[in-house]
There are 2 protein chains.
Amino acid sequence: MFDILPIKGGIDNVKGFFSGGVSVGLKPSGKNDVAFIRSDEPCDVSAIFTQNKFQAAPIRHFKRYGETFATNFILINSKNANAMTGKEGIDDIDTLFASLPQSLKALNPIMSSTGVIGYRLNIPKIAKAFELFSFNTKNSNAAAEAIMTTDRFKKEICLKVDVEGKGSFHIAAICKGAGMINPSLATMLCFITTDANVPKELMNDLLNEAAKDSFNAISVDGDTSTNDTVMLISSAKSGVWDKEAFSEALKFITKHLALEIVKDGEGSKKVVAFEVKNALSLDEAEKAAKALSNSLLVKTAIFGEDPNWGRIASTVGASGITCDEEKLIIKYDDVVVYIGTKKEMSKETEAAAAKVMKKDSFKISCDLALGDKSFTAYGCDLGHEYVNINADYRS
Amino acid sequence: MFDILPIKGGIDNVKGFFSGGVSVGLKPSGKNDVAFIRSDEPCDVSAIFTQNKFQAAPIRHFKRYGETFATNFILINSKNANAMTGKEGIDDIDTLFASLPQSLKALNPIMSSTGVIGYRLNIPKIAKAFELFSFNTKNSNAAAEAIMTTDRFKKEICLKVDVEGKGSFHIAAICKGAGMINPSLATMLCFITTDANVPKELMNDLLNEAAKDSFNAISVDGDTSTNDTVMLISSAKSGVWDKEAFSEALKFITKHLALEIVKDGEGSKKVVAFEVKNALSLDEAEKAAKALSNSLLVKTAIFGEDPNWGRIASTVGASGITCDEEKLIIKYDDVVVYIGTKKEMSKETEAAAAKVMKKDSFKISCDLALGDKSFTAYGCDLGHEYVNINADYRS
């Protein structure tokens, strides 16, 4: 038996971790742009990276470490992705870390970056952060601000997990990413810290399992940015371990943050769950659900609050999965707009579906009635704000 | 030796064909909404249809005819796709054709539809067109208007082909479709008529070959609407046949119309050719080129005239093809913005690339420097007009 309790703050509350963020002038706004996460003792770490063939320098820098490496220092910057910068981009990270204060005893330091592609890091500017950081502070909020790019709000969460007869542990995260993850290639970064005594050999599996229905449900594999990163870092300081409790808490965190990213969709106003159920295979359910969450015509219809279910049907049909128009049932929340080819949508049904679409969040469900596999993808509307934000992201 | 000469008009000028369009009140604007194409004698016909699993009723109606059927009558309506209408949707077409004037001696009549999904055809309304049509007119222009939906301009073309020592034939087409074909699922319809004496057994191959670098370069297979149709109809009335001349003229027509569709991209202002060259395989070149033409971030950057080549690189990397950032060269027309990881884009280069992007039409080229296969996909920008048009397409 265990209880999961959301508590205030972010990664501040996890034993063994310190964090903070400062401004070194990368963001013209003067907001925080460089963050650190550190621990006194080396931590086990597990990471999921982008499938993009052009992985950014910080990812390739990470991969140079051996399988079982531990770390006690993570540096994160915004405004510059350090991507498409070749071997020099990796060397720049080493150069930067060479100027870390000796007193920190940084072991296998990790860097993570987000921002514009194709520019070398400004090393002197970023190194200035090492003078500005209060390394013994617990300021998750400042770190969460520093990693934001087009995000409209900060993303952080902390959970306290009480396990009967064993004690309690914490798990927390900061995250950046603003909807449209796919197909827009907007970068998402997520750093999850925990003081649970998680066995190293389970970390990868648990993290991948949690990402499957969360970050992976808002992002199609392979169609991701050069920098996408989800990292789990464990201090083990609580000494408590319960696989079931930890797995559930980790899934809670990743799902929560994935939905926060969708909610913060660039210029979007609505979060929509696209459920494809009773498909022949999980693969087909996922394919169709993600096709829906990525369709421009579906996104703009949601923006226009137009219950044009023909676009839903057409997208499912175009996704290449097995489907039958005589069996398909389409619903907007509880409103059935299409059931086989039995009848046209009545004016009353259309009005009811239009009402559902006025909500900030709702579900569009396609029942294929062919098998028993289901998948839900999450998406948002696409409106004028998206165009404004992305027509000149670099400015 | 042969000469291809564009001449005025559309399918009017092809021997043996009559066409026209009228308004029966499907379009609230009162513009033409039903068209016909007919010939006195039965014609051979070849067609390419959407890969969508939910093929519209007119396509399934067509497919009921045998392999070698000939036709002398095609009816086309806009505003209603007759898709997701089940067996009843097919029966409706038969009911409609039952009221065709006996005097027409319609043989294996074909229907084609475009518009909103999920509604039965209004048979009495459409049948009214049979009273309004002047069946002996040659009014391609009126037909081209009748098949338009969100198109901003009519699309028709006619070519006269002079073949040395053999004589001349004509090939012409009307077409509808407004950019964003993929991933927007906007329907495209294209009807190509010819009086060339094209052998029936070559028609499919020639049409598919021509579509490959034209309609297929603006539309990813499988991600198409319920109604997409390209049809080639031959009256053979010129008696002239020259495979090479016909093939070239057919490619000219399909390429011209494909680019017209991109140019008419919903709310778009620019036509961009995305060339991926020196890939390991044609498949990979095509995959990356189409990923570029479909990327939201690329489309919005083009709208914003922002030479943010990082989005180009990231999209190529995310497309899953083999690529190497040390070898890649990216150009905007003749301006090299990225060459390996050798240097950052200078202010001068950025200014030159920005200048290219101000043009109505330009080329973004990615040289992978890995093999010798190339593919060019065509796309357009995505701006506010697209959102306006698609937020409420049905109104």
Checklist entry - B:Ala369 fails exactly one of the following numbered conditions: (1) on the phi > 0 side of the Ramachandran plot; (2) modelled with pLDDT under 95; (3) among the aliphatic types (A, V, I, L, M). What is the number of that condition? => result (2)
Item to check | Matching residues in the stretch A:140-172 - criterion: being modelled with pLDDT of 95 or more, polar (S, T, N, Q) and surrounded by fewer than 23 Cβ atoms within 10 Å (Cβ to Cβ) | outcome: A:Asn141, A:Ser168
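Mind listing just one residue for me: the one in the stretch B:86-108 that is β-branched (Val, Ile, Thr) and closer than 12 Å to B:Ile123 by Cβ and, of those, surrounded by the fewest Cβ atoms within 10 Å (Cβ to Cβ)?
Across the stretch B:86-108, the extreme among qualifying residues is B:Thr95.
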Checklist entry - Among the residues of the stretch B:88-96, is there at least one that is outside any helix (DSSP H, G or I), within 14 Å of another protein chain (Cβ to nearest Cβ) and not aliphatic (A, V, I, L, M)? => result no
Checklist entry - When residues of the stretch B:359-389 are filtered for being under 14 Å from B:Asp306 (Cα atoms), charged (D, E, K, R) and within 14 Å of another protein chain (Cβ to nearest Cβ), how many remain? => result 1
Next on the checklist: Any residue in the stretch B:137-159 that is more than 17 Å from B:Lys8 (Cβ to Cβ) sitting within a Cβ distance under 6 Å of a residue that is among the acidic types (Asp, Glu) and at pLDDT 95 or above? List the pairs, counting only those 6 or more apart or interchain.
Outcome noted: B:Ala146/B:Asp33
Item to check | Among the candidates A:Ser234, A:Ser268, A:Ser225, residue that is over 30 Å from B:Gly118 (Cβ atoms) and more than 10 Å from chain B (Cβ to nearest Cβ) | outcome: A:Ser234
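Which residues, taken from the stretch A:304-327, are touching a Leu at 6+ places or on another chain (Cβ under 6 Å), of a type outside the set (Ser, Thr, Tyr) and either more than 8 Å from chain B (Cβ to nearest Cβ) or closer than 19 Å to A:Gly383 by Cβ (or both)?
Taking the stretch A:304-327 first, the residues touching a Leu at 6+ places or on another chain (Cβ under 6 Å) are A:311, A:314-315, A:322-323.
When the remaining residues are screened for being of a type outside the set (Ser, Thr, Tyr), the result is A:311, A:323.
Matches in the stretch A:304-327: A:Arg311 only.
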Item to check | Number of positions in the stretch A:328-350 that are away from chain B (no Cβ under 14 Å), out of contact with any Ser or Thr (no Cβ under 7 Å at 6 or more places or on another chain) and on the phi < 0 side of the Ramachandran plot | outcome: 2
Next on the checklist: Restricting to the stretch A:49-73, and then to whatever is under 18 Å from A:Thr187 (Cα atoms), more than 11 Å from every other protein chain (Cβ to nearest Cβ) and touching a residue at least 60 places away in the same chain (Cβ under 8 Å), can you tell me which residue is surrounded by the fewest Cβ atoms within 10 Å (Cβ to Cβ)?
Outcome noted: A:Phe49
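I'd like to check which helices (runs of 4 or more DSSP H) are fully inside the stretch A:239-329 and have at least 1 residues that are touching a residue at least 60 places away in the same chain (Cβ under 8 Å) and buried (at least 24 other Cβ atoms within 10 Å of the Cβ).
Per the criteria, A:243-263, A:282-294, A:296-303.
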Checklist entry - For the stretch B:250-279, what are the residues that are more than 11 Å from the chain's Cα centre (by Cα) and either within 18 Å of B:Asp334 (Cβ to Cβ) or among the hydroxyl-bearing types (Ser, Thr, Tyr) (or both)? => result B:Ser268, B:Lys270, B:Val271, B:Val272, B:Ala273, B:Phe274, B:Glu275, B:Val276, B:Lys277, B:Asn278
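So that you can scan it fast, the table gives a plain yes or no per residue for (1) surrounded by fewer than 24 Cβ atoms within 10 Å (Cβ to Cβ); (2) touching a Lys or Arg at 6+ places or on another chain (Cβ under 9 Å):
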{"position": "A:Val14", "(1), (2)": "no, yes"}
{"position": "A:Ser19", "(1), (2)": "no, yes"}
{"position": "A:Ser23", "(1), (2)": "yes, yes"}
{"position": "A:Asp33", "(1), (2)": "no, yes"}
{"position": "A:Ser78", "(1), (2)": "no, yes"}
{"position": "A:Ile110", "(1), (2)": "no, no"}
Checklist entry - Just to be sure, is A:Gly310 in contact with a helix residue (DSSP H, G or I) (Cβ under 8 Å, 6 or more places away or on another chain) and either farther than 23 Å from B:Gln55 by Cα or not aliphatic (A, V, I, L, M) (or both)? => result no
Checklist outcome for this item: The condition from (1) outside the structural domain of A:Asp334 (by TED's automatic domain parsing); (2) on the phi > 0 side of the Ramachandran plot that A:Ser238 misses is numbered (2)
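Quick check on the stretch B:104-112. Is at least one of its residues assigned by TED's automatic domain parsing to the domain that holds B:Leu232, more than 15 Å from B:Arg38 (Cβ to Cβ) and at pLDDT 95 or above? Reasoning before the result, please.
First pass over the stretch B:104-112, keeping only residues assigned by TED's automatic domain parsing to the domain that holds B:Leu232: B:104-112.
Of the ones still in play, those that are also more than 15 Å from B:Arg38 (Cβ to Cβ) are none.
Looking for residues that are assigned by TED's automatic domain parsing to the domain that holds B:Leu232, more than 15 Å from B:Arg38 (Cβ to Cβ) and at pLDDT 95 or above, one finds none in the stretch B:104-112, hence no.
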Next on the checklist: Cβ contacts < 9 Å: first residue among the β-branched types (Val, Ile, Thr), restricted to the stretch B:122-133; second residue loosely packed, with under 14 Cβ neighbours inside 10 Å and in a helix (DSSP H, G or I), any location; separation 6+ or different chain. Result?
Outcome noted: B:Ile123/B:Thr95
Next on the checklist: Would you confirm whether or not the stretch B:71-83 contains a residue that is assigned to a helix (DSSP H, G or I) and modelled with pLDDT under 95?
Outcome noted: no
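The values are calculated or read from the model by the stated rules, or taken from the named source; none is laboratory data. Fair warning: this is a prediction, and the values are worked out from it, not measured in the lab. A quick note on method: Cβ atoms are made from the backbone with ideal geometry, for glycine too, and the neighbour counts reach across all protein chains shown.
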